[in-house]
Structures are given as structure tokens and as C-alpha cells.
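S.K.: One structure follows; several queries about it will come next.
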Amino acid sequence: PLDISIPGEREFNETLFRELQQGKQQHYEMIKQLRRKDGKLIWINLYVFANPDRKHGGLLAFGMAFDITEKKQAQNALRNTRAELTRFARMNQMVAVTGSIAHELNQPLAAIAANANAGLRWLARTTPDVGETRTVLQAIVHDAHQAGEVIQGIRAMFKARKARLVSRWI
């Protein structure tokens, strides 16, 4: 098994095997990769036990290896699928947030346009209606402030999110 172990794992495996032969361990279990004769890497679940050698004394190693390559591939596929679903969920959240932002901004902007048109009509009369025009201009100012508050709220939300993300990495 040590000869077909991938580099980097051989040293660790040699240490475990030596401890088994010296009686420091009775058994060990690990999940590792091996390289087949055709060069392909496979995953195995390896169980190694120390058995007393009654004929010569000392210990003999007995090992069982189970090919779990398909299981590992299925786990990787599941992990990739979960990551993809998470990405789609984030995209759906962004679509919902974008729609909500558009709606929240569209309402005051539509009101501003409607009020401005009404104000222009009142000023275009032969006798301009200054009182109504003043009222509609005040509504325009109110709606513009409302749109500004929506934008400020969005900025604050993204700044808070950015701060949370940065604090995770510190």
C-alpha cells in the first residue's frame, strides 16, 4: 500500500505502519487515495490491524481496503450541487431585492412626475393657481426626500453587510 500511496501521504502511512509493527498501535483506519496501475487515483477506506505471529513471534499486519471512489464522487457532486443551489438562492434574493428597490424608488419618482405635471398645468392656466402649485411643489419636495431616504437606506444596508463580511476575515 505504501508504494501506491500518493506522495505526501506515504510518510504519514509509513509512521502508522511502523507504530503498528512495533506494537504502539493495535489498529488504524484512514480514508486515503491510491494510484492504480493505470495511473488513475481511487479513494479507499483502509483498515489495518496488528495480529500476533505465533510461528515467528512479533506482529503481522492485516489490512482491508474498500474502494469508496464512487461514494467520494457522489459526495463531491452533492457538494457542488449544494454550492450551485446556494448561488441560485443568492441570485433569487438579489432579484427580489432589486425588484423591491425598483418598486420603492418608482413610487416617489412617479409621484414627483405626476405632481410636476399637475403644477405645470396649474401654472399654464390663464389665471395661474399659485396655491395649488405651491402645494404640489411641497409634495414634490416630500417625494424627493422619500426617494433619497430609500437610497440612503440601501447604502446603509450594503455598508453594514460589507462591514460584517470584512469583520469575518479579521
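S.K.: Give me the residue from region 1-18 that is under 15 Å from LEU46 (Cβ atoms) and acidic (Asp, Glu) and, out of that set, most open to solvent (accessible area, probe 1.4 Å). Explain how you work it out, then say what you get.
M.R.: First, the residues of region 1-18 that are under 15 Å from LEU46 (Cβ atoms): 1-6, 9-10, 12-17.
Applying the additional criterion that residues be acidic (Asp, Glu) yields 3, 9, 14.
Values: ASP3: 139, GLU9: 48, GLU14: 83 Å².
Across region 1-18, the extreme among qualifying residues is ASP3.
S.K.: Only one residue in ASN51, ASN76, ASN45, ASN80 is closer than 30 Å to ILE6 by Cα, in a strand (DSSP E or B) and free of Cβ contacts under 8 Å to residues at least 12 places away in the same chain, so which one is that? So that I can check it myself, show each step before the final result.
M.R.: Working: ASN76 fails: in a strand (DSSP E or B); ASN45 fails: free of Cβ contacts under 8 Å to residues at least 12 places away in the same chain; ASN80 fails: in a strand (DSSP E or B).
On inspection, the qualifying residue turns out to be ASN51.
S.K.: Can I ask one more? Within region 54-74, can you find the residues that are within 21 Å of ILE31 (Cα to Cα) and open to solvent by 80 Å² or more (accessible area, probe 1.4 Å)?
M.R.: Here is the first cut: in region 54-74, the ones within 21 Å of ILE31 (Cα to Cα) are 61-74.
Across region 54-74, the qualifying residues are PHE62, PHE66, ASP67, GLU70, LYS71, GLN73.
S.K.: Are any residues in region 120-130 among the aliphatic types (A, V, I, L, M) and either surrounded by 12 or more Cβ atoms within 10 Å (Cβ to Cβ) or within 30 Å of PHE158 (Cα to Cα) (or both), and if so, which ones?
M.R.: Quick first cut of region 120-130, residues among the aliphatic types (A, V, I, L, M) only: 120, 123-124, 130.
Within region 120-130, just LEU123 meets the criteria.
S.K.: Give the number of residues within region 19-32 that are open to solvent by less than 100 Å² (accessible area, probe 1.4 Å), touching a Phe, Trp or Tyr at 6+ places or on another chain (Cβ under 7 Å) and within 16 Å of ASN51 (Cβ to Cβ).
M.R.: Taking region 19-32 as the starting set, the residues that turn out to be open to solvent by less than 100 Å² (accessible area, probe 1.4 Å) are 19-20, 23, 25, 28, 30-32.
Of the ones still in play, those that are also touching a Phe, Trp or Tyr at 6+ places or on another chain (Cβ under 7 Å) are 20, 31.
Narrowing further to those that are within 16 Å of ASN51 (Cβ to Cβ): 20.
So the count comes out to 1.
S.K.: Now for a different question. If I ask for residues that are within 14 Å of ALA65 (Cβ to Cβ) and open to solvent by less than 30 Å² (accessible area, probe 1.4 Å), which ones from region 34-51 would you list?
M.R.: Answer for region 34-51, where residues must be within 14 Å of ALA65 (Cβ to Cβ) and open to solvent by less than 30 Å² (accessible area, probe 1.4 Å): LEU34, ILE42, ILE44, ASN45, LEU46, VAL48.
S.K.: Something else about it: With the requirement that a residue be without any contact (Cβ under 8 Å) to a residue 24 or more places away in the chain and either part of a loop (DSSP other than H, G, I, E, B) or more than 12 Å from LEU59 (Cα to Cα) (or both), what does region 5-21 give you?
M.R.: PRO7, GLY8, ARG10, GLU11, PHE12, ASN13, GLU14, THR15
S.K.: Hey, among ASN106, ASN117, ASN92, which residue is under 23 Å from the mean Cα position of the chain (by Cα) and either of a type in the set (Val, Ile, Thr) or open to solvent by 50 Å² or more (accessible area, probe 1.4 Å) (or both)? Steps first, answer last, please.
M.R.: Working: ASN106 fails: under 23 Å from the mean Cα position of the chain (by Cα); ASN117 fails: under 23 Å from the mean Cα position of the chain (by Cα).
Among ASN106, ASN117, ASN92, only ASN92 is under 23 Å from the mean Cα position of the chain (by Cα) and either of a type in the set (Val, Ile, Thr) or open to solvent by 50 Å² or more (accessible area, probe 1.4 Å) (or both).
S.K.: Right, next: Quick check, is THR127 closer than 20 Å to ILE31 by Cβ and of a type in the set (Ser, Thr, Tyr)?
M.R.: Working: closer than 20 Å to ILE31 by Cβ: no; of a type in the set (Ser, Thr, Tyr): yes.
For THR127, the condition - closer than 20 Å to ILE31 by Cβ and of a type in the set (Ser, Thr, Tyr) - is not met.
The values are calculated or read from the model by the stated rules, or taken from the named source; none is laboratory data. Since the model is a prediction, treat every value here as computed from it, not as a measurement. Positions of Cβ are backbone-derived with ideal geometry, glycine not excepted, and every protein chain shown enters the neighbour counts. To get the accessible areas, we keep the full protein, side chains included, count just its heavy atoms, and leave off ligands, DNA and RNA. Shrake-Rupley method; radii C 1.70, N 1.55, O 1.52, S 1.80 Å.
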